[in-house]
Amino acid sequence: MAQMSLPPRQKMINMMYLVLTAILALNVSKEVLDAFAIMDTELVRSERAYQQRSNLEYTVFADAAKRFPEKFQAQHVKALRIKQQADSLVEHIERIKLSAIAEADGLPIAALRGKDADGRDTLRALMALDAKDDRETLTRMMIGSEPAEPLRTPGGAYELKQRISAFRDTLKHLAGVKGVDLSASLDLLFDFSDRRDASGTMNNWESTNFYDVPLAAGVATLSKLQADIRSSENDVVKWLYRSVEVKDYKFGTLTTAVIPQSNLIMAGDSFRADVFIAAYDPKNRPTVTLRGGADLAIGTDGKGKLRLRGDQVGEHLVEGSITFEGPDGPEQISYATKFQVMAPMLVASPTKMNVLYRGVENPIDLSVPGIPPDRVQASISTGRIVRAGNGWVATGMTANSAEVSATVALPDGGTRRIGPVTFRVKDLPPPTAYISGTNPGDTKVARTKLSASPGIIAKPLGSEFGDQWQVTAYELTALRKGQPPIVKQGTGNSFTQDMRTVLAALRVGDQLFIEGVKAKLANGQGPSRALAPIAIKVQ
């Protein structure tokens, strides 16, 4: 069952937040307040990251609801309800932060808002606040003079608690009885029960967090609530999407299937076939049986291997059944097919796989049985196809599918068009980003390797295409013990001199994050692709 699982970086931010909150009881120095400002920046960044992930989930959800409304529409409506509530709640908290900072620093609200690099409204960084040690503003706005009886006015801590509680309860209701673990995680994340404050006295949640606390700490608390709201929104929306497929058949591998109406045609007739995507699961090994015969051998790929001798010319019928483990137990499906000697026809297939990729050269073997290769000319419905040695190369496809045809020169001087054969057209899978001198997926790396590394590599793993990728942008963040994060922006594969200095100063136990990595094919073709982030602990 789904549970909310925070990434290591978010767990570290939450732990630092708890430590800094505890320090408030002992020492409210400028350094502590600045630490809260740094923490607030990280919390805001986390909230934005969760929002971006949720936006991707909503896009996928909307596309699925459009294509399969009977399956996804109901859950998509629930997901949009979550989005509306989360957006409203995050904006409500943002207004509280804005009002508090404006009042404490004596600035107009308009001076505190601006646009970030993506054009979104953003609040002035807490580090620029002069009154970080102000204890009166949040107390007056959110609690009032009596901590045991917090204000119940709009914008107060009590109202905020009620709104977040309602949001939590909505998420739990949507999770339903099948989301017990998810609901339990939500209860832990949004726990508003009374608790002991720094002095050990039992106190309500509102006063513990907002009564007589420095403005920097209170704003950081509000930012953490925003991040928690976005985190829970993302988890529940993903859970809703995946819950649709609980009763679906599970297959781990896709392939193409072509079922012709006939394998033998007369000259001048048309070859007709059903072409579709088929799926199977190599781990769910079926039992494939021939009618009146024995079980077929199953290969390591999970497919039954059928081999029959063609001793007689003509049409032959093959029938049998496939038994496999379905969602509710064993199921059996019958199959039937025919085979016979085939007349000459177009044979075209990519030599690497059954897909043509944009931005690279796609080798294709194309031939017409019985026709010399020098009398065959190929054409393609999108892009171009040219002869290369004994084969052909297709490039420049822009549509989602491409039809490859052949024109054959006949002995009488005429020509005949054969085909087409349809291929799917896709973008290349994004490469894997990793630090030069390390291995892809390494999470712990010696500091000597990091300091000696020249930069970042973007390389496709397990791909048949060896085309080079060029890193175009990334953000390097170093987290050193007891120090604020060091953030550097980079373009290109090589580390800048500033980054080399940062890497050289790393020590055992420090952490290094490389995020927002984007890369593009070195030949300049195809779109820029966002790559998975790199997270490393120095050892």
Evaluation of Thr395 against (1) outside the structural domain of Gly509 (by TED's automatic domain parsing); (2) within 22 Å of the chain's Cα centre (by Cα) (one fails), failing number = (2)
Taking region 158-174, which residues are touching a Ser or Thr at 6+ places or on another chain (Cβ under 9 Å) and over 20 Å from Trp239 (Cα atoms)?
-> Glu159, Arg163
Counting only residues in region 138-153 that are without any contact (Cβ under 8 Å) to a residue 12 or more places away in the chain and not hydroxyl-bearing (Ser, Thr, Tyr), the one surrounded by the most Cβ atoms within 10 Å (Cβ to Cβ) is identified as Leu151
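Yes/no per residue for (1) surrounded by 14 or more Cβ atoms within 10 Å (Cβ to Cβ); (2) at negative phi; (3) aromatic (Phe, Trp, Tyr); (4) without any contact (Cβ under 8 Å) to a residue 12 or more places away in the chain:
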residue: Met39; (1), (2), (3), (4): yes, yes, no, no
residue: Leu43; (1), (2), (3), (4): yes, yes, no, no
residue: Glu47; (1), (2), (3), (4): yes, yes, no, no
residue: Gln51; (1), (2), (3), (4): yes, yes, no, no
residue: Arg67; (1), (2), (3), (4): no, yes, no, yes
residue: Phe72; (1), (2), (3), (4): yes, yes, yes, no
residue: Lys83; (1), (2), (3), (4): yes, yes, no, no
residue: Ile93; (1), (2), (3), (4): yes, yes, no, no
residue: Ile101; (1), (2), (3), (4): yes, yes, no, no
Could you tell me whether any residue of region 410-422 is in the same structural domain as Asn362 (by TED's automatic domain parsing) and either of a type in the set (Lys, Arg) or closer than 15 Å to Lys518 by Cα (or both)?
-> yes
Residue within region 334-346 that is exposed (fewer than 12 other Cβ atoms within 10 Å of the Cβ) and at pLDDT 80 or above present = yes
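Test Gln483 against the criterion of being exposed (fewer than 15 other Cβ atoms within 10 Å of the Cβ) and more than 20 Å from the chain's Cα centre (by Cα), and give yes or no.
On the way: exposed (fewer than 15 other Cβ atoms within 10 Å of the Cβ): yes; more than 20 Å from the chain's Cα centre (by Cα): yes.
Yes.
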For residues in region 191-215 being charged (D, E, K, R) and assigned to a loop (DSSP other than H, G, I, E, B), which is farthest from the chain's Cα centre (by Cα)?
-> Asp212
When region 486-497 is examined, which residues are found to be surrounded by 13 or more Cβ atoms within 10 Å (Cβ to Cβ) and not in a loop (DSSP other than H, G, I, E, B)?
-> Ile486, Val487, Lys488, Gly490, Ser494
For Ala458, state whether it is closer than 30 Å to Val508 by Cβ and touching a strand residue (DSSP E or B) at 6+ places or on another chain (Cβ under 6 Å).
-> yes
Within region 408-462, of all residues that are touching a Gly at 6+ places or on another chain (Cβ under 7 Å) and not in a loop (DSSP other than H, G, I, E, B), the one surrounded by the fewest Cβ atoms within 10 Å (Cβ to Cβ) is Ala452
Would you mind stating whether Val471 is loosely packed, with under 13 Cβ neighbours inside 10 Å and more than 23 Å from Ser46 (Cα to Cα)?
-> no
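Helices (runs of 4 or more DSSP H) wholly in region 1-120 with at least 2 residues that are modelled with pLDDT of 70 or more - which ones?
Working: elements: 8-23, 30-67, 69-105.
Correct list: 30-67, 69-105.
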Among the residues of region 360-377 satisfying the criterion of being modelled with pLDDT of 85 or more and in a loop (DSSP other than H, G, I, E, B), which is surrounded by the fewest Cβ atoms within 10 Å (Cβ to Cβ)?
-> Glu361
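Going through Leu521, Leu410 one at a time, which residue ends up being over 29 Å from the mean Cα position of the chain (by Cα), of a type in the set (A, V, I, L, M, F, W, C) and at pLDDT below 90?
Values: Leu521 fails: over 29 Å from the mean Cα position of the chain (by Cα).
Going through Leu521, Leu410 in turn, just one is over 29 Å from the mean Cα position of the chain (by Cα), of a type in the set (A, V, I, L, M, F, W, C) and at pLDDT below 90: Leu410.
The values are calculated or read from the model by the stated rules, or taken from the named source; none is laboratory data. Note that this is a predicted model, so its numbers are computed, not measured. Quick reminder, even Gly has a Cβ in these numbers, built from the backbone with ideal geometry, and neighbours come from all protein chains shown.
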